[in-house]
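Quick notes on the structure that follows.
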Amino acid sequence: MSPLRSDDWSRDPEVRRLVAVLGQRLAERQLELTGTLTGMIRSIEDLDLDQPLIDLLDASVDSNINTIVHLLINAIPVDRIQAPTAAVEYAVRLAQRGVPSYSLIRAYQMGHGFLMTVVLEEAIDLDVEAPTLMRALQVVTTEFYRYIDWICLHLLAQYEAERGRWATTSGNVASAMLQDLLRGGNTSTHDFEAETGYRFAQHHVGAVLWSRDNEGITDALVSMERAARAIEAAVGEGPALFSAIDRTTAWLWIGRGDAGTPIDHELAVELEKFPEVGAAVGLPAEGIEGFRRTHQQAGDAFELAMAAEDRVGQVIGFGDRGIALISMLMQESGALRRWLVEVLGPLAEPTPAAARARETLGAWLEHDRNYQATAEALQVHRNTVKYRIDRITEDLQERLTERRIDLELALLACRLLGDGILA
């Protein structure tokens, strides 16, 4: 059987029909395939990043599968397609963060192997003659290879161009040294101080800044740099350290000299001037270990803020009530949900009635068990609140007395992360 050239298979009606059928089978499973493949790619250590990058990875996988589907269904030559926008943006963000390009190539190789396995599984169910099916599979194999080869070359060019540009961007010259320092590598603190002018022999407050401008109206990097300068001028005791991680995320350290007090309030006041910038803030800590620890705390609070979306305000602090515990539980898959089920008991059911009960109980505890204040907050009648609380009290029993703190934190977690965390 001679190989089919790309300009031959589209003229063979039966082969083209089978290739289109296989493309349609992929299309019908696209949501499932995207989720599975995104999870597989996250097993690549360099690519299991924070939530914004995971979301962009998911969009990139989905857009690549969608492009392949259209390529197969409509017999579109690879040289006539355009690289998916999400795929290009993902490659650019990886370049900005210094993620090795070989990790990106591994992701596409993983995707290639996974989708070919799915196609072969689908082909088994097709009731067609073996020679024709083999020719169709030959076409799919060839087109898959051409697409992966083409998209990898295209994205590598985008990656290298962005890496060269980003390496010379203000605030990123010392990026490699900073990354090594945070990992506990061989970078000398003396050399880093000489390069950046930032001192380690003091108290530090770490922060993660991110763009809240989802419409892309403002230049996020410029806004974050301006916000960093304003924070430095307001609460800094010397030069701050700013490092853009990508075009929408930046790390910031504020040197505090001998002051070991939190700056969350002052930082929030300054950021009121920059509504398009959000901040996650760590606790003050001293020395090089404190430099790392406050950054890690800010990163944990940032992950929680990304998961909570618009349910948190402009500034979230690791030292805020419940944030440290909730963010730590989030780091182990399933740990937070297991804890919530244990603490909330019957209120942990993912039902509208349980959600209403959680909302009522949370408001009642926040208002010091005052029925009238709770009713006003929830905009319901006082008797409605009393009726609900009486029912809840029967269900929870000793939890309201012996585990009140845990109960309040569990309700806070549901409010921040949404009731979907219980599903």
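Rule-based calculations on the coordinates, nothing more; no lab input. Keep in mind it's a predicted model, so treat the numbers as computed, not measured. A quick note on method: Cβ atoms are made from the backbone with ideal geometry, for glycine too, and the neighbour counts reach across all protein chains shown.
With the dipole of the chain worked out from charges on the C-beta (+1 for Lys and Arg, -1 for Asp and Glu) around the Cα centre, which of Val99, Gln397, Val140 lies farthest toward the positive end? Farthest towards the positive end: Gln397.
In this label model, Glu121 and Ala259 are separated by 5.8 nm, measuring between points 7 Å along each Cα→Cβ vector. Charging the Cβ of each Asp and Glu at -1 and of each Lys and Arg at +1, and nothing else, the dipole of the stretch 248-394 about its Cα centre rounds to 560 debye. What helices in the chain pass both tests, a Cα length along the helix axis of 18 Å or more and a mean Kyte hydropathy of -1.0 or higher, using whole DSSP H runs? Once both thresholds are applied, what remains is 13-28, 51-73, 101-124, 130-167, 220-235, 287-308, 352-366, 404-417. Between Ile44 and Arg404, full extension at 0.36 nm per residue minus the direct alpha carbon distance yields a gain of 125.5 nm. Think of it as helices only: each DSSP H run of n ≥ 4 in the chain is worth -39500 (n - 2.57), and spread over all residues that comes to -20000 deg cm²/dmol at 222 nm. Rounded to the nearest 20 debye, the dipole size of the stretch 6-167 about its Cα centre is 400 debye, using +1 on the Cβ of Lys and Arg and -1 on the Cβ of Asp and Glu. Extension gain for the segment Met134 to Trp150, taken as residue separation times 0.36 nm less the Cα-Cα distance, is 3.4 nm to one decimal. Ordering Ala244, Tyr108, Leu365 by Cα displacement along the dipole of the chain toward the positive end leaves Leu365 in first place; charges were set at the Cβ atoms of Lys, Arg (+1) and Asp, Glu (-1).
Enumerate the whole-percent occupancy of each 5 Å bin, from 0 to the last occupied one, for all C-alpha pair distances of the stretch 6-167. So the P(r) values, bin by bin, are 1, 9, 19, 21, 18, 13, 9, 5, 3, 1, 0, 0.
Between Gln397 and Gln314, the simple label model (points 7 Å from Cα in the Cβ direction) yields a spacing of 4.8 nm. Here the extension length gained between Val21 and Glu349 equals 113.9 nm, from 0.36 nm per residue of separation less the Cα-Cα distance. Basic side chains Lys and Arg get +1 at the Cβ, acidic Asp and Glu get -1 at the Cβ, and with that the dipole of the chain about its Cα centre reaches some 280 debye. Neighbour counting of Cβ atoms within 10 Å sorts the residues Leu221, Leu344, fewest neighbours leading, into Leu221, Leu344. Taking the average, over residues, of other Cβ atoms within 10 Å as the packing measure, peptides 142-153, 405-416, 72-83 rank 405-416, 142-153, 72-83 from highest down. Set the Förster radius R0 to 60 Å, insert the Cβ-Cβ distance between Arg106 and Ala234 as r into 1/(1 + (r/R0)^6), and round the FRET efficiency to 0.05. That pair, Arg106 with Ala234, gives E of 0.85.
Annotation for the stretch 63-78 versus the stretch 80-105: alpha-carbon center distance of 19 Å.
Extending 7 Å from Cα along the Cβ direction at Thr189 and again at Thr85 yields two label points whose distance is 4.7 nm.
Protection proxy ranking of 230-236, 94-100, by the mean of other Cβ atoms within 10 Å over each peptide's residues and highest first, is 94-100, 230-236. Residue exposure proxy: Lys386, Lys273, ordered by other Cβ atoms within 10 angstrom of their Cβ from fewest to most, comes out as Lys273, Lys386. A dipole drawn for the stretch 175-330 from +1 and -1 charges on Cβ atoms has a positive end, and of Ala227, Ala280, Ser327 the residue lying farthest that way is Ser327.
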